[in-house]
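First the structure, in the form of structure tokens, and then the observations on it.
The values are calculated or read from the model by the stated rules, or taken from the named source; none is laboratory data. In this text the structure is predicted, and so the values were computed from the model without any measurement. Backbone-built Cβ (ideal geometry, glycine too); neighbour counts: all protein chains shown. For accessibility, only protein heavy atoms count, side chains too; no ligands or nucleic acids. Shrake-Rupley method; radii C 1.70, N 1.55, O 1.52, S 1.80 Å.
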Amino acid sequence: MRGGGSRQVALLRYLLIRLLLIVPTAWLLVTVVFFLMRVIGDPISAAMGGRLTQEQIEERKDAAGLNRPILTQYWEYITGFLRGDFGRTQDNEAIADVVVTYGAATFELVFWGLLVAFAVGIPLGRYAATHRDTPADAVLRFSAVLAYAAPVFFVGMLLKLVFSVWLGWFPVGGRASTDVELALQHVSPKTNILFIDSILYGEPSYVLDVLEHAVLPAVALGLLTGGIFLRLVRVNLIQTLRSDYVEAARARGLSSRVVTGRHAVRNALIPIITVMGMCIAMMLGGAVLTETTFEWKGLGYQLAEYLRARDFIAVQGIVAFIALLVAVMSFVVDAVVALIDPRVRF
């Protein structure tokens, strides 16, 4: 009991420290984003140069506070960030509203992408480990490297060409058909996650339409992480199969399938949870290219649109939000690993 109590105290102390570390981590990320956006120059002039007179540009700069000293701008930005105010776009739309509206679409895409990554990486990694050094193992390892290294936009365009243009199995782009999107605008309560909204609407054909539109973007994004999962499961399962407790299970007469499925695979999955924060950060980065390729109107799509419009204030707000999200997800992943893995030391 005493040992268990001391471990619980150490665990709570570890989680508290990791929680407190979110603050300096988020502050550092937001600060880097702020000053990088200022390095590229004046965002108002970059966005409106040639379309407005110099007097009009100066008026907008004054309204946005860009003529104030840089440290004053930084203080106002940080205090606004703490209040949930990420600034406003050139169209005077609150970036917080943009994040809420389009962030749900990105969350939905990342969720589907993670499902694909698990569906591809875990069973194929298990198969590669149990068939080590066979031609199938070599093919799977090469495929994992290819999936990780291939640009997301290239994979997306290839999937569109084969499964949308040539075979006609899936839609070319978008989150749903036009009539479905229009109908789901009136669902209540509205979540902006079309799969949930289509279920709330109560029309099975709408649910199917949303799922059909999600297949190719999810595969394009999920293969990126699926390759990482495959290699992690393979390497860790090979090591686990050599451990003493696995050999003891075999000595008790348990079949190879039972030993692998009930004992080895569970421990081999822990490293996947460990790198989950990094993988989610990668998927958020890959979502920019995936959403642009498939016209999936999420945060990545909007970020690309703001970059094209040179609306760097909007870019700054969205990137800062994503940085904060990555910091929070890193804490959540560390907390889960600490809770489920007794080998973690505090």
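Tabulated values for the structure
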{"quantity": "Extended-chain gain in nm, criterion 0.36 nm per residue less alpha-carbon gap, ILE17 and ASP91", "calculated": "22.6 nm"}
{"quantity": "Segments 326-339, 177-190 sorted - mean Cβ within 10 Å per residue, highest first", "calculated": "326-339, 177-190"}
{"quantity": "List MET278, MET283, ordered by accessible area with a 1.4 Å probe, largest first", "calculated": "MET278, MET283"}
{"quantity": "Distance in nm between pseudo-label sites at VAL32 and ALA138 (7 Å out along the Cβ direction from Cα)", "calculated": "4.1 nm"}
{"quantity": "Loop trypsin sites (Lys or Arg not before Pro), segment 117-187, which have at most 14 other Cβ atoms in a 10 Å radius of their Cβ (DSSP)", "calculated": "ARG132"}
{"quantity": "Segment 131-200: chymotrypsin sites (Phe, Trp or Tyr not before Pro) falling in loop per DSSP and having at most 12 other Cβ within 10 Å", "calculated": "TRP169"}
{"quantity": "Sequence-distant residues sharing a close amide H with ASP311 (under 5 Å, placed H)", "calculated": "none"}
